[in-house]
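Below is one structure, written out as structure tokens; the observations come after it.
What follows is calculated from the coordinates using simple rules that are stated; it is not laboratory data. Since this is a predicted model, take the numbers as computed values, not measurements. Here Cβ is always computed from backbone atoms with ideal geometry, including for glycine, and neighbour counts include all displayed protein chains.
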Amino acid sequence: MSLISLVGAGKDFGIRTLFADLDLHISEGERLGLIGPNGSGKTTIARLIPRLIQSDSDQLLIDGIPIEKWPLSQLRNAIGYVSQNPFLFSNTIAANISYGAHEVSEGEVHQAAEWAQLGKDVVEFDDGFETLIGERGVTLSGGQKQRSTLARALLRQPQILILDDSLSAVDTHTEEAVLSHLRTLMKRRTTLIIAHRISTLRDCDQIIVLDEGRIAE
């Protein structure tokens, strides 16, 4: 059976998946880049780790323990997952960024927005962080939606950060600024970056090319 192992927060994350001939190890603090055609398995790997989809028994391991034996809240509290399809609520920008976080200050929300390169956009809105963005963030551009959900994940400073093609709608200059912050924020933490642009992955410690569930390169 195939094996992926990830290390983060001093814990060894091991995944046995249904992928064929997939053997991968990610060390603590490492940045792994995943690239490959649609349907190659990139998002499946990303969604398996926080149990957004369920693997069969004993196919996903953390510290050698089957993932289903870990409390779900404990697992997800250690992971920041930013989907390729950002989900926002009909609420303020600040409320969307702080969603899921406990007892965060206004300054921490603003800082997370700066890390995600969203702050410069928010100051142009009349109501700033108190701007209501409508259902699913309808008033924001695609790039602003992505950066809002990224800020939400970064606010929690997770031990493992998963970016599932979540910078596809931002320009390359903004993307580079975001990745520059991530290099500092995620130091000694584990980052998994899925992208279609190879430029997004150029600073990763290792890059794998997936093709039909296998590592092609």
Q | Magnitude of the charge dipole, the range 65-145, Cβ model with Lys/Arg +1 and Asp/Glu -1, debye to 20 | A | 500 debye
Q: Let me know the longest stretch in the chain that avoids all trypsin sites (Lys or Arg not before Pro) found in a DSSP loop with at most 13 other C-beta atoms within 10 Å.
A: 1-186
Q.
To the nearest 20 Debye, how big is the dipole of the chain about its Cα centre, given +1 on the beta carbon of each Lys and Arg and -1 on that of each Asp and Glu?
A. 300 debye
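Which whole-number percent is the relative contact order of the range 149-217 (Cα, under 8 Å, 6+ apart)?
34 percent
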Q: Give me the number: length gained by fully extending residue 132 to residue 203, i.e. 0.36 nm times residue separation minus the C-alpha to C-alpha distance, one decimal in nm.
A: 22.0 nm
(Q) I need the shape label for the range 84-130. Rule: rounded when a/c is under 1.5, else prolate if a/b > b/c, else oblate, with a, b, c from the alpha carbon gyration tensor. (A) rounded
**Q.** Helix 172-185 axis, angle to the chain major axis (alpha carbon atoms, nearest 10°)
**A.** 70 degrees
Q | Amide H within-cut-off set for residue 161, under 5 Å, with H built and near neighbours excluded | A | 80, 190, 191, 192
Q: Measure nothing but the geometry: give the 0 to 90° angle between the long axis through the Cα atoms of 106-115 and the longest principal axis through the Cα atoms of the chain, rounded to 10°.
A: 60 degrees
Q: Name the residues whose placed amide hydrogens come within less than 5 Å of the amide hydrogen of residue 118, ignoring near sequence neighbours (fewer than 5 apart) on the same chain.
A: none
Q. Within the range 62-217, what percent of beta bridges assigned by DSSP are antiparallel, to the nearest 5?
A. 30 percent
Q. Which value, in Å³ per residue, describes the convex hull spanned by the Cα atoms of the range 31-171?
A. 127 Å³
Q: Only loop residues by DSSP count here, and only those with at most 14 other Cβ atoms within 10 Å; note down the GluC sites (Glu not before Pro) in the range 78-169 that meet that.
A: 103, 124
Q | Net charge of neighbours whose Cβ lies under 14 Å from the Cβ of residue 82, counting Lys and Arg as +1 and Asp and Glu as -1 | A | +4
Q) Pairing the Cα long axis of helix 142-155 with the longest principal axis of the chain, what angle in degrees results, from 0 to 90 and rounded to the nearest 10? A) 70 degrees
Q: Considering the options 116, 100, 49, tell which one lies farthest towards the positive end of the dipole of the chain, charges being +1 on Lys and Arg and -1 on Asp and Glu at the Cβ, about the Cα centre.
A: 49
